[in-house]
Amino acid sequence: MKKILLLIIIGFMAITLSACDETRDSDKLQVVATTTYVGDMVRNVGGNLVEVSVLMDVGVDPHEYQPRQSDTEKIASADLLVINGLNLEEMMGEVFRQIGDDKLLVLGDYVDQADLLFEENDEVDPHIWFDLEIWQSLTLVVAEKLGTLDENNHLYYQTRAKEYSLDLKMLDVYIQDRIDVVPEDKHVLVTAHDAFAYFGRSYGFDVYAVQGISTEAEASISDIDELAQLLVDLDINKVFWETSVPQSTVNALVAAAQALDHDVSVGGELYSDSTGGWDDGHETLIRTYRNNVDTIIDALME
Ligand SMILES: [Zn+2]
């Protein structure tokens with residue numbers, strides 16, 4: 001009797017497993033990425049050999065993202081989970097701890113400590129995709145990991161990583177060219193939260209934000225008043241919304257500066273912690289970053 005029961009169970013498992021197999025393209029590595037930027041990186045390096053699923057939708061704030069049941073299921077059936085790390089995905093720690101090291105790639109762990117930026121309280125700044133040199137170096141890290149899981153195609157991933165790295169280099173040249181025409185005293189960027197420090201370091205911009213590197217804590221009235229006073233002192237006339245942070249944060253800053261009789265307006269909306277989407281044509285880091293820089297420069301040169 002026991003034997004029959006066992007056979008039934010085994011038979012049932014076989015059916016369930018084959019049903020799972022039908023939903024996945026078995027030739028391709030199945031990779032799950034947390035953010036749109038990480039997903040974009042894996043797509044570029046993995047090319048046709050990798051199926052990428054991104055957990056956070058376009059416009060979602062990764063600092064506040066709570067994992068769903070369907071996320072854990074996706075991760076469980078994937079070959080690899082790639083995350084930004086450096087505490088960007090603050091609420092997902094428990095999910096990450098349950099994954100074996102061989103199935104988890106934490107990009108932030110591969111950034112040289114000396115290249116990272118830190119807040120005054122020693123909190124590390126996780127917005128590393130805006131440092132194109134760092135992001136370029138991570139293409140090879142992703143290629144190496146994919147090559148370990150799929151050894152026959154090791155060279156394919158390496159080649160794609162080098163090609164993508166060149167595309168990022170061309171983006172860097174484009175950004176530098178655009179910024180070169182802006183007078184240095186206008187090299188100031190004010191946004192909702194502190195996501196642009198790596199951009200600032202790369203291209204010589206002073207960056208200020210209402211909130212710190214995380215959006216988890218609400219901005220206080222004194223934060224807003226202090227920054228409004230700074231806009232007056234430095235005669236800054238443009239501030240920027242971010243797609244993954246409510247516009248009210250920056251609107252409160254504009255109102256506070258106007259109350260001090262200072263002329264300030266919103267220069268446009270930037271993509272900070274999420275790329276744009278397929279519908280607006282900014283679904284990759286390259287398109288997103290280009291669009292951000294165009295928005296910033298056009299507003300500053302008005
Ligand atoms: Zn952020």
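Checked against the criteria, Tyr198 does not count as modelled with pLDDT of 95 or more and open to solvent by 20 Å² or more (accessible area, probe 1.4 Å).
When the criteria are applied in full, Thr288 meets the requirement of being among the β-branched types (Val, Ile, Thr), outside the structural domain of Asn87 (by TED's automatic domain parsing), within 16 Å of the ligand (Cβ to nearest atom) and within 25 Å of Asp172 (Cβ to Cβ). Hey, any hits in the range 82-94 for a residue that's surrounded by fewer than 19 Cβ atoms within 10 Å (Cβ to Cβ), more than 16 Å from the ligand (Cβ to nearest atom) and part of a helix (DSSP H, G or I)? Yes, the range 82-94 has at least one match. Restricting attention to the range 115-133, the residues that are within 17 Å of Tyr37 (Cβ to Cβ) and within 15 Å of the ligand (Cβ to nearest atom) add up to 10. Can you tell me which residue within the range 33-77, out of those that are assigned to a helix (DSSP H, G or I), within 16 Å of the ligand (Cβ to nearest atom) and of a type outside the set (Ser, Thr, Tyr), is nearest to the chain's Cα centre (by Cα)? Of everything passing the filter in the range 33-77, Val38 is nearest to the chain's Cα centre (by Cα). Looking at the range 207-222, which of its residues are within 12 Å of the ligand (Cβ to nearest atom) and of a type in the set (S, T, N, Q)? Listed by number, the residues that qualify are Gln211, Ser214, Thr215.
Quick one: would you say Val210 is surrounded by 17 or more Cβ atoms within 10 Å (Cβ to Cβ), at pLDDT 95 or above and in a strand (DSSP E or B)? When the stated conditions are applied, Val210 does not pass them.
Specify the residue that is farthest from the ligand (Cβ to nearest atom); the eligible residues are those in the range 135-162 that are aliphatic (A, V, I, L, M) and open to solvent by 10 Å² or more (accessible area, probe 1.4 Å). The qualifying residue farthest from the ligand (Cβ to nearest atom) is Leu155. Go through (1) among the aliphatic types (A, V, I, L, M); (2) in a loop (DSSP other than H, G, I, E, B); (3) away from the ligand (no atom under 16 Å from the Cβ) one by one and return the number of the condition Val254 breaks. Tallying (1) among the aliphatic types (A, V, I, L, M); (2) in a loop (DSSP other than H, G, I, E, B); (3) away from the ligand (no atom under 16 Å from the Cβ), Val254 fails exactly one: (2).
Exactly one residue out of Thr295, Thr249 is within 16 Å of the ligand (Cβ to nearest atom), in contact (Cβ under 8 Å) with a residue 40 or more places away in the chain and not aromatic (Phe, Trp, Tyr), and it is Thr249.
The values are calculated or read from the model by the stated rules, or taken from the named source; none is laboratory data. Just so we're clear, the structure is a prediction, and the values are computed from it rather than from any experiment. No Cβ is skipped: glycine too gets one built from the backbone with ideal geometry, and neighbour counts run over all protein chains shown. SASA here: full protein model, heavy atoms, side chains in, ligands and nucleic acids out. Shrake-Rupley method; radii C 1.70, N 1.55, O 1.52, S 1.80 Å.
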